[in-house]
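S.K.: What follows is a single structure, and I will ask about it in a moment.
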Amino acid sequence: MKNNSRRIFMKNLICGAISTPLAAKNILSINKKQKDRIKKDQMFYRRLGRTNLLVSEISLGGSPIPDWALFVQIIERGVNYIDTSHTYSNGNSERQIGRLLKEVGREKIYVSTKFHLRGNWSENSIINSVNDSLRRLNTDYIDILCIHGASKEEYLTDEKLLSAFEKLKKQGKYKFRGLSCHSNHHEVVKKAVECEYYDVVLFGYNVFDIQDTEEDIEVYDDYLGASGIRRLISLAKSKDVGIIAMKTLKVGGKRQNLEKYRTDNTSIFQAMLKWALENENISSVLTEMLTFKQMEEDLGIVGQSLSEHERKNLFRYVAENSKDYCHMCGQCERNCSSSIKTSSILRYLAYFESYRKVSAAREAYSQLKPAQTALSCQNCGQCERVCPYGVSVRKRIKEAHMLLSKP
C-alpha cells in the first residue's frame, strides 16, 4: 500500500495537479499585503516578522562570501540581508562583511551572525564568541544574533543561554535573537516559537518538502502539512516570528549541471527559488552567489511567479531525485540504538556531494567520534523503519564514511 501511495503521489506531482491552487492563492495574498511586501527599484522586500525589518526576498549566505567585486554588486542590486557565522571561512566571512559595512554604510545592511553551543559551552563562551564576531564585523551591533545549528530544544530555554542573551542585549550588542536549525527542526523550531524568546528562525525549506511521507494513504493534497513543514511555518507565523528559508537550492554555490530540467529560459534553480517565494510566510530565501552568473540567475527571478510548465519540470526533478534526499527531521538519529550521528553525517555528505564543500565536509566529519559513525552500525535497520521518507540511511552513512574519512 505504501509503495502504491508513493507512485500515485509522484504521478500527481509531475502532472502539477496538487500545488497549483495553493500557489495561486499565495501569490495573490502576498500582493494584497503591501505593508508586508514592498518594491524598491528591482528588488522586493518582505517584513521579517515582529522585527519589522524589511529584508530582500533573496538574501546572501556567507559560507563563503563571494569575491569583493561581486559582493558589492550583489548589494547594489538590492540584497540587504547577509547571513554568516563566526566559523565561516575561519572568521574571514565576518571580516569581509565588516569591510562591506564600512564601505557602503552600516544602515544599508542587516547582518545575522551566529555562535555555537558546543562542548562545555557556558554563558561566558557565548559572550566571548559574540564579542569576537563584533570585532571581525567592525560594528557595534548585530541585527540578528542566532544560535548556530540548534538541535536540542532544551537548550533554548537554558538559563546560561538566556542570561548571555540578556547581558548582550543590555549592552546593545544585538537587536533581535534567532536560531538556525539543521536537524530535529520539528521539535526545535516548535520550542523556539512557543517559548517566545526568539524573533527569527532559519531552517531548511525547499521543493523536496513536497515529498510525501510513508503513510498508508493513497494521495493527499496537503503535502506540506503531511511533512510537518506547513505546521511549523503556520506556527511561526501565528506568533509573528520571522522565517528565513535556507537550503532552498539544496546545492549552495557549487551548482551542478542540471540543464535537462531547464524550462525555456528558466533554470531548475530559478524554479526552486520561485517555488519557495510563493509562500507568503517566508520572508527571505537564503542563497550563496559565488559567480556573476549565479547572481543574475538568482536575482533574475525577483517578482516573478512560477509557471505551470516550470512547476511540472520542478516536480519531475523531485520525483527523479528524492530517494536519497535527507530532510534532517532527526527521526533516524533519535531512534538509533548505537547513537550514531546519522543526521549530521547525511548533512556532511550533502555538503560533499551537492555543495562541493569537500574540505569543510571532511573537517566536520573528522570531529565525530568513531562510535558516532557508520563503524558502530549494527545493521538493525531501525533508522530506515522510522524514516518518514524512505531514505537508505545505512547505505548512505557507509558511503559517507568512505568519502569523508579520506585525507
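The values are calculated or read from the model by the stated rules, or taken from the named source; none is laboratory data. These figures come from a predicted structure and were not determined experimentally. Note: ideal-geometry Cβ built from the backbone for every residue, glycine included; neighbour counts use all protein chains shown.
S.K.: So which of Glu399, Glu353, Glu384 ends up being among the acidic types (Asp, Glu) and either without any contact (Cβ under 8 Å) to a residue 40 or more places away in the chain or closer than 30 Å to Glu57 by Cβ (or both)?
M.R.: Values: Glu399 fails: either without any contact (Cβ under 8 Å) to a residue 40 or more places away in the chain or closer than 30 Å to Glu57 by Cβ (or both); Glu384 fails: either without any contact (Cβ under 8 Å) to a residue 40 or more places away in the chain or closer than 30 Å to Glu57 by Cβ (or both).
Just a single option satisfies the conditions, and that option is Glu353.
S.K.: I need a count of the residues in region 369-407 that are among the small types (Gly, Ala, Ser), over 15 Å from Leu349 (Cβ atoms) and assigned to a helix (DSSP H, G or I).
M.R.: Within region 369-407, the subset among the small types (Gly, Ala, Ser) is 371, 374, 376, 381, 390, 392, 400, 405.
The next check asks that each one be over 15 Å from Leu349 (Cβ atoms); those that pass are 371, 376, 381, 390.
Still in the list and also assigned to a helix (DSSP H, G or I): 371, 376.
Qualifying residue count for the region: 2.
S.K.: Looking only at region 295-311, count every residue that is outside any loop (DSSP other than H, G, I, E, B), surrounded by 14 or more Cβ atoms within 10 Å (Cβ to Cβ) and modelled with pLDDT of 95 or more and tell me the total. Let's see the steps before the verdict.
M.R.: Looking only at region 295-311, we keep the residues that are outside any loop (DSSP other than H, G, I, E, B), and these are 295-299, 308-311.
Adding the requirement that they be surrounded by 14 or more Cβ atoms within 10 Å (Cβ to Cβ) leaves 295, 297-299, 310-311.
With modelled with pLDDT of 95 or more added as a condition, the list becomes 295, 297-299.
Result for region 295-311: 4.
S.K.: Say whether the condition of being modelled with pLDDT of 95 or more and more than 27 Å from Phe176 (Cα to Cα) is met by at least one residue in region 51-68.
M.R.: Checking region 51-68: at least one residue is modelled with pLDDT of 95 or more and more than 27 Å from Phe176 (Cα to Cα).
S.K.: Further question on the same structure: Are there any helices (runs of 4 or more DSSP H) wholly within region 56-173 with 3 or more residues that are under 23 Å from the mean Cα position of the chain (by Cα) and not basic (Lys, Arg), and if so which? Outline the logic, then answer.
M.R.: Working: elements: 68-76, 92-104, 123-137, 159-170.
Answer list for region 56-173: 68-76, 92-104, 123-137.
S.K.: So which of Leu273, Leu349, Leu286 is outside any loop (DSSP other than H, G, I, E, B) and either among the acidic types (Asp, Glu) or outside the structural domain of Arg47 (by TED's automatic domain parsing) (or both)? Talk me through it step by step, then tell me what you get.
M.R.: Values: Leu273 fails: either among the acidic types (Asp, Glu) or outside the structural domain of Arg47 (by TED's automatic domain parsing) (or both); Leu286 fails: either among the acidic types (Asp, Glu) or outside the structural domain of Arg47 (by TED's automatic domain parsing) (or both).
Answer to the selection: Leu349.
S.K.: Output the residues belonging to region 260-270 that are part of a loop (DSSP other than H, G, I, E, B) and within 15 Å of Tyr317 (Cβ to Cβ). Don't jump to the end; show me each part of the working.
M.R.: So in region 260-270, the residues part of a loop (DSSP other than H, G, I, E, B) come out as 262, 264-265, 267.
Hits for region 260-270 are Arg262, Ser267.
S.K.: With the condition kept exactly as written, say whether any residue in region 119-134 is over 26 Å from Ala364 (Cα atoms) and touching a helix residue (DSSP H, G or I) at 6+ places or on another chain (Cβ under 8 Å). Steps first, please.
M.R.: Residues of region 119-134 over 26 Å from Ala364 (Cα atoms): none.
No; the residues of region 119-134 include none that is over 26 Å from Ala364 (Cα atoms) and touching a helix residue (DSSP H, G or I) at 6+ places or on another chain (Cβ under 8 Å).
S.K.: Which count do you get for residues in region 85-123 that are polar (S, T, N, Q), over 20 Å from Asp199 (Cα atoms) and in contact (Cβ under 8 Å) with a residue 40 or more places away in the chain?
M.R.: Taking region 85-123 as the starting set, the residues that turn out to be polar (S, T, N, Q) are 85, 87, 89-90, 92-93, 96, 112-113, 120, 122.
Subset that is over 20 Å from Asp199 (Cα atoms): 87, 89-90, 92-93, 96, 120, 122.
Retained after the next criterion (residues that are in contact (Cβ under 8 Å) with a residue 40 or more places away in the chain): 87.
Total satisfying the criteria: 1.
S.K.: Restricting the first residue to region 173-188 and requiring it to be not assigned by TED's automatic domain parsing to the domain that holds Ile147, which pairs with a second residue that is crowded, with 22+ Cβ neighbours inside 10 Å and hydrophobic (A, V, I, L, M, F, W, C) meet a Cβ separation below 7 Å and a spacing of at least six or different chains?
M.R.: Sorted first by the residue in region 173-188, then by its partner, the list stays empty.
S.K.: Further question on the same structure: Closer than 22 Å to Lys152 by Cβ and buried (at least 17 other Cβ atoms within 10 Å of the Cβ): which single residue out of Ser339, Ser343 fits that description? Explain how you work it out, then say what you get.
M.R.: Working: Ser339 fails: buried (at least 17 other Cβ atoms within 10 Å of the Cβ).
When all the criteria are applied, what remains is Ser343.
S.K.: Here's a follow-up. Which condition number in (1) within 28 Å of Asn52 (Cβ to Cβ); (2) surrounded by 18 or more Cβ atoms within 10 Å (Cβ to Cβ) is the one that Ser151 fails?
M.R.: Tallying (1) within 28 Å of Asn52 (Cβ to Cβ); (2) surrounded by 18 or more Cβ atoms within 10 Å (Cβ to Cβ), Ser151 fails exactly one: (1).
S.K.: Can you name the residue in region 88-127 that is basic (Lys, Arg) and surrounded by fewer than 18 Cβ atoms within 10 Å (Cβ to Cβ) and is also nearest to Leu54 (Cα to Cα) among such residues? Break it down stepwise before answering.
M.R.: At the first step, the residues of region 88-127 found to be basic (Lys, Arg) are 95, 99, 102, 106, 108, 114, 118.
Now narrow it down to the ones that are surrounded by fewer than 18 Cβ atoms within 10 Å (Cβ to Cβ): 95, 99, 102, 106, 108, 118.
Details: Arg95: 24, Arg99: 23, Lys102: 21, Arg106: 15, Lys108: 11, Arg118: 32 Å.
Checking each candidate, the answer is Lys108.
S.K.: Still on this structure, I have one more. Checking Thr342 against (1) within 20 Å of Lys323 (Cα to Cα); (2) of a type in the set (Ser, Thr, Tyr); (3) in contact with a His (Cβ under 9 Å, 6 or more places away or on another chain), only one condition comes out false. Which one?
M.R.: Failing condition for Thr342: (3).
S.K.: When residues of region 312-327 are filtered for being in a loop (DSSP other than H, G, I, E, B) and crowded, with 23+ Cβ neighbours inside 10 Å, how many remain? Let's see the steps before the verdict.
M.R.: Filtering region 312-327 down to residues in a loop (DSSP other than H, G, I, E, B) leaves 322-327.
If we keep only those that are crowded, with 23+ Cβ neighbours inside 10 Å too, we end up with 327.
The total comes to 1.
S.K.: Pick out, from region 183-259, the helices (runs of 4 or more DSSP H) lying fully within it that include 2 or more residues that are among the polar types (S, T, N, Q) and at pLDDT 80 or above.
M.R.: Here the list reads 229-238.
S.K.: Still on this structure, please answer the following. When Gly303 is evaluated against the numbered criteria (1) out of contact with any strand residue (DSSP E or B) (no Cβ under 8 Å at 6 or more places or on another chain); (2) under 30 Å from Met43 (Cα atoms), which criterion, by number, is the only one it fails?
M.R.: Failing condition for Gly303: (1).
S.K.: Take the residues in region 39-70 that are over 21 Å from Gln270 (Cβ atoms) and touching a helix residue (DSSP H, G or I) at 6+ places or on another chain (Cβ under 8 Å), then tell me which one is surrounded by the most Cβ atoms within 10 Å (Cβ to Cβ). Show your work before the answer.
M.R.: So in region 39-70, the residues over 21 Å from Gln270 (Cβ atoms) come out as 40, 47-54, 62-65, 67-69.
Those left that are additionally touching a helix residue (DSSP H, G or I) at 6+ places or on another chain (Cβ under 8 Å): 49, 62-65, 68.
Working: Gly49: 24, Gly62: 23, Ser63: 18, Pro64: 18, Ile65: 26, Trp68: 12.
The extreme case among them is Ile65.
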